[in-house]
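Right, one structure below, let's go through it.
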Amino acid sequence: MKAFATVPRPARIRIRGQITIPQDIREEMNLDAQATINLFRVGKVLLMTPKRLERASLARKVEREMKREGLTLEDLLAGLKSQRERYLEEAFSKD
């Protein structure tokens with residue numbers, strides 16, 4: 001499985017709110033047709049995780065890691081801005 005991808009993958013939201021996850025990602029994450037996922041909203045960002053990561057335990061893990069690293073929510077959002085800029089540079093560079 002790929003550890004980290006900087007280039008987002010498009011997914012269309014259908015009329016009933018259904019989202020199709022690209023096949024290669026489903027295969028890498030072992031998500032079958034019956035898989036359940038969790039969605040987390042962080043500001044204007046949606047984070048999607050396999051159901052096996054429960055919200056409370058994930059929140060505690062994220063909070064512990066943020067404290068350990070000395071990060072705030074503002075730091076995370078600033079990092080998101082940096083990742084978006086990196087994506088735009090990678091996706092639309094004029095090589």
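Just so it is clear, none of the values below were taken in a lab; they were calculated from the coordinates. If you're wondering where the values come from, they're calculated on a predicted model, not measured in any experiment. So basically every Cβ, Gly included, is an ideal-geometry build from the backbone, and we count neighbours across all protein chains shown.
Just a few scattered comments:
- Expected 222 nm ellipticity per residue - DSSP helices of 4 or more, -39500 (n - 2.57), all of the chain, to 500: -14000 deg cm²/dmol
- Between GLU65 and TYR87, the C-beta separation translates, for a Förster distance of 25 Å, into a calculated FRET efficiency of about 0.65.
- Labels on offer are (i) 0.95; (ii) 0.98; (iii) 1.08, and the one holding Rg/Rh (Cα atoms, Kirkwood Rh) computed from this structure is (ii).
- Estimated from the Cβ-Cβ distance and a Förster radius of 35 angstrom, the FRET efficiency linking MET48 and LYS94 is about 0.65.
- Computed from backbone phi, the HN-Hα couplings of segment 11-18 come to 9, 8, 8, 7, 4, 9, x, 7 Hz, rounded to whole numbers (Karplus: 6.51 cos²θ - 1.76 cosθ + 1.60, θ = phi - 60°; Gly and Pro given as x).
- The chain: most fluctuating residue of ARG16, ARG41, ARG64 per GNM, C-alpha cutoff 10 Å: ARG16
- Taking amide H as placed 1.01 Å from N in the peptide plane, ILE37 has its amide H under 5 Å from the amide H of LYS51, each at least 5 places away in sequence or on another chain.
- Of the residues MET48, PRO22, LEU77, the one whose Cα sits farthest towards the positive end of the charge dipole of the chain is MET48 (charges of +1 on Lys and Arg Cβ, -1 on Asp and Glu Cβ, taken about the Cα centre).
- Here segment 23-92 is assigned +1 on the Cβ of each Lys and Arg and -1 on the Cβ of each Asp and Glu. Its dipole about the Cα centre then comes out at about 440 debye.
- Between ALA33, ALA56, ALA11, the Gaussian network model of the chain with springs among Cα atoms under 10 angstrom shows the greatest mean-square fluctuation at ALA33.
- With a cut-off of 15 Å between beta carbons, the residues surrounding THR72 carry a summed charge of -1, where Lys and Arg count +1 and Asp and Glu -1.
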